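Down below is the structure, laid out as structure tokens.
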Amino acid sequence: MDTHAFKRSLHHSDRYNRRGFGRADEVAGSLEQAYQSGLIGSIRDNGYRLNHGRLQVRLAKDFGFCWGVERAVAMAYETRRHYPGERLWITNEIIHNPSVNDHLREMNVQFIPVEQGVKDFSGVTSGDVVILPAFGATVQEMQLLNERGCHIVDTTCPWVSKVWNTVEKHKKQTFTSIIHGKVKHEETLATSSFAGTYLVVLDLEEAQIVADYILGKGDRNSFMARFSKACSPGFDPDQDLEKLGVANQTTMLKRETEEIGRLFERTMLSKFGPTHLNEHFLAFNTICDATQERQDAMFSLVDEPLDLMVVIGGYNSSNTTHLQEIAINRGIRSFHIDTPERISADNSIEHKPLGQELIREQNFLPSGAITVGITSGASTPDRVVEHVIQQLMTLSEKN
Ligand code: SF4
């Protein structure tokens, strides 16, 4: 499929909208009520600190909603206003946050059901309105919705679209796209659907395996065993690693993406020499700062003396999990929760340790003076963070 031509024609369709409906003022009140927080505002004004009896809270200096997510949520609210009577769907969680998705359900927005990892669009009919989430949708999904006569409201973050344009450029110049991301993440699935030949690498370690192979230091069978589910159909490492461009899932570590870019630049330089570098490596600039800013703020926060840490965000949120990793790597007792209700009045907490299932732990808040660090992922509204802090304040008074 000519994905570029399809996208261009979709953008001209009168059943497609990616700019909102000019109803920002009408939805501002509902958004403020659902997501914003006076308490968080005052903690910010107080140098990101709150003292409450024996409890001290230290808030990360960057946390919560990034502008791409804020924009997507506002567009979803505008869409409901604009189409009050139509059936309204979302192809996926608009963002990885349970409270946002619950609010949308209350507004009678339906989620496309997923059976064993496959979306079931059978209930979607002509005239329905379908919202595409902040991290985008695959080109095949867009095509299906378009052919079915749906109205498409595309909230894909412009930074994500920029990555798609980059892989389109790679494809046009017959370069292979090396995508730094998680193979099964919706954003990476969408990005790879726009790419021609591609290979997804999870981290620097996997990138190094690819770089070694390019320089003749790898074995084809073990290479394919490792990457067979992370590449385009028919991918041949002996032919398809001659011309490379790098792209990324926007919620990966920015620094790691940059390092991966530099690694491939060095690799191609060493294989083809400086005169031919431009024929074999395409530089890129598709990195959104929001994820890195939250991680940098987390690195500063864990430098402070903390007794424990609470990281708030959806359990399938990639950037929230990275924040939790930072705390754990520093040896801090850290709890990843998705909603304030995970903290109970009996001083227990239900949380998700890294890579494990949910567990409940007793004696969450220890006695005596205590300092708690707080941060949240890019898809968590301030209102949720506020409720967590209120739970902590109440617990600290009782226990
Ligand atoms: S993290 Fe960046 S790319 Fe992703 S939605 Fe937010 S602003 Fe957009």
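Bear in mind these aren't lab numbers, they're just calculated from the coordinates by the rules spelled out. All figures in this text were calculated on a predicted structure; none of them were measured in a lab. Please note: Cβ atoms are built from the backbone with ideal geometry, for glycine as well, and neighbour counts cover all protein chains shown.
Among Asp25, Asp338, which comes first, then next, by fewest other beta-carbon atoms within 10 Å? Mind dumping the intermediate values first?
Details: Asp25 7, Asp338 25.
Going from least to most buried by this count: Asp25, Asp338.
Only sites in a loop by DSSP and with at most 10 other Cβ atoms within 10 Å count here; which trypsin sites (Lys or Arg not before Pro) in the range 1-93 make the cut?
Of the trypsin sites (Lys or Arg not before Pro), the ones in loops of the range 1-93 whose Cβ has at most 10 other Cβ atoms within 10 Å are Arg19.
Going through the range 266-325, which GluC sites (Glu not before Pro) have at most 15 other Cβ atoms within 10 Å and a DSSP loop state?
Nothing satisfies the criteria.
For the chain, set up a GNM with springs between Cα atoms under 10 Å and report which of Gly64, Gly47, Gly314 has the largest fluctuation.
Ranking Gly64, Gly47, Gly314 by mean-square fluctuation puts Gly47 first.
As a check on your grasp of the helix formula, calculate [θ] at 222 nm for the chain: sum -39500 (n - 2.57) over DSSP H runs of n ≥ 4, divide by the residue count, round to the nearest 500.
Values: 15 runs with 170 residues, N = 399.
Mean residue ellipticity at 222 nm (helix-derived): -13000 deg cm²/dmol.
Can you list residues whose amide H is under 5 Å from Ala247's amide H, if they're 5+ apart or on another chain and H is modeled 1.01 Å from N?
Counting only residues 5 or more places away or on other chains, the set is Ile178, Ile179, His180.
Trypsin sites (Lys or Arg not before Pro), restricted to the range 249-307: which are DSSP loop and have at most 11 other Cβ atoms within 10 Å?
When the trypsin sites (Lys or Arg not before Pro) of the range 249-307 are filtered for loop state and at most 11 Cβ neighbours within 10 Å, nothing remains.
Counting alpha carbon pairs within less than 8 Å and at least 6 residues apart, what relative contact order, in whole percent, applies to the chain?
Averaging sequence separation for qualifying contacts and normalising by length gives 20 percent for the chain.
Just list whichever of Lys172/Lys254; Lys119/Lys243; Lys169/Lys254; Lys217/Lys352; Lys61/Lys182 have alpha carbons separated by over 29 Å in the model shown.
Exceeds cut-off: Lys119/Lys243; Lys217/Lys352.
Counting Lys and Arg as +1 and Asp and Glu as -1, what is the net charge of the other residues whose Cβ lies under 13 Å from the Cβ of His11?
Overall, the nearby charge balance is +3.
For His11, His180, which order do you get if you count the other beta carbons within 10 Å of each Cβ and list the fewest first?
His11, His180
Using modelled backbone amide H atoms (1.01 Å from N, in-plane), which distant-in-sequence or interchain residues come within less than 5 Å of His336's amide H?
Distant-sequence amide H within range of His336: Val311, Lys352.
Kyte-Doolittle mean at least 1.0 and Cα extent at least 30 Å along the axis: which DSSP H helices of the chain qualify?
none
Could you give the size of the charge dipole of the chain about its Cα centre, using +1 on the Cβ of each K and R and -1 on the Cβ of each D and E, expressed in debye and rounded to the nearest 20?
380 debye
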